[in-house]
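The values are calculated or read from the model by the stated rules, or taken from the named source; none is laboratory data. Not measured: the values here are computed from a predicted model. Backbone-built Cβ (ideal geometry, glycine too); neighbour counts: all protein chains shown.
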Amino acid sequence: MSYQTFPTLRFVAVVAVCATAAWSQQAAQAPSPAPTIVQPGAPGTGNKTLSKEAAKASEAPKTPSKADVDFMQGMIMHHNQAVEMTELLKTRTQDPAIMELGKKIDVSQTDEMRWMKQWLTDRGFHISADPMAGMDMKGMDMKDMKGMDMSMPMMPGMLTAAQMDALRKSTGPVFDHLFLTGMIQHHSGALQMVKDLFASPGAGQDPQLFDFASDVDNTQQAEIDIMRHMLKERQ
């Protein structure tokens, strides 16, 4: 190797060392990637990945409107009757397709009731819309209760006491027909409740409530279509 080669090699080595040091310094100073922020979705929906700005915006949600609270309290009552209806399937039908559909409705609406109750509790609202809920009746004279509205408002689509009684007393194909027509009526009422919510000024602004109500609308419309098809098949 000639004498002239050594300075060249030494220069290359020095450049390589400097480049390595510079790369190491840049790597050490490079910011680590921001953590992924995931927002759980309402029942039946997937999770959402949020930006840092969106996550900060959601830290201080708007106070729910009266329509929001009324919708949640009313939908809990509404779902509760649907679950009561599906419970009757265990002893009054032999139709496997209807039993399978009823099980799906029971599981989904039981889960949704749990979620709605938590939503209300987290925001400091009563789970029930019952005006007497939480009232101490001890020592209250009957005359003090005059003029108080003791009746609960009937949610759209809910079955009347007579309809529920007829459902409980029927079996077989008669029960199947009453169940399907009754649940179609019930689901249609839920769709009306969602429509009324979104028609109320300032309502439905809570992201979780919006996603939930939209899911109710989509899911129950699909189930109505299924039940109408079942009725045609059984005529």
Somewhere in the stretch 102-113, is a residue in contact with a Gly (Cβ under 7 Å, 6 or more places away or on another chain), part of a helix (DSSP H, G or I), surrounded by 13 or more Cβ atoms within 10 Å (Cβ to Cβ) and at pLDDT 95 or above?
-> yes
Does the stretch 212-220 include one or more residues that are aliphatic (A, V, I, L, M) and at pLDDT 95 or above?
-> yes
Of the residues G44, G74, which single one is touching a helix residue (DSSP H, G or I) at 6+ places or on another chain (Cβ under 8 Å), at pLDDT below 95 and closer than 29 Å to H177 by Cα?
-> G44
For the stretch 221-230, state whether one or more residues are modelled with pLDDT of 95 or more, assigned to a helix (DSSP H, G or I), touching an Asp or Glu at 6+ places or on another chain (Cβ under 8 Å) and of a type in the set (V, I, T).
-> no
Contacts under 7 angstrom Cβ, first residue in the stretch 103-118 being farther than 15 Å from M77 by Cβ, partner of a type outside the set (D, E, K, R) and assigned to a helix (DSSP H, G or I), 6 or more apart | I105/A82; I105/T86; D106/V83; D106/T86
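What residue, of M183, M164, is surrounded by 20 or more Cβ atoms within 10 Å (Cβ to Cβ) and either among the acidic types (D, E) or under 21 Å from E87 (Cα atoms) (or both)?
Numbers: M164 fails: surrounded by 20 or more Cβ atoms within 10 Å (Cβ to Cβ).
After applying the criteria, what remains is M183.
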Qualifying positions in the stretch 155-177 - touching a Ser or Thr at 6+ places or on another chain (Cβ under 9 Å), part of a helix (DSSP H, G or I) and either over 15 Å from K90 (Cα atoms) or at pLDDT below 95 (or both) | H177
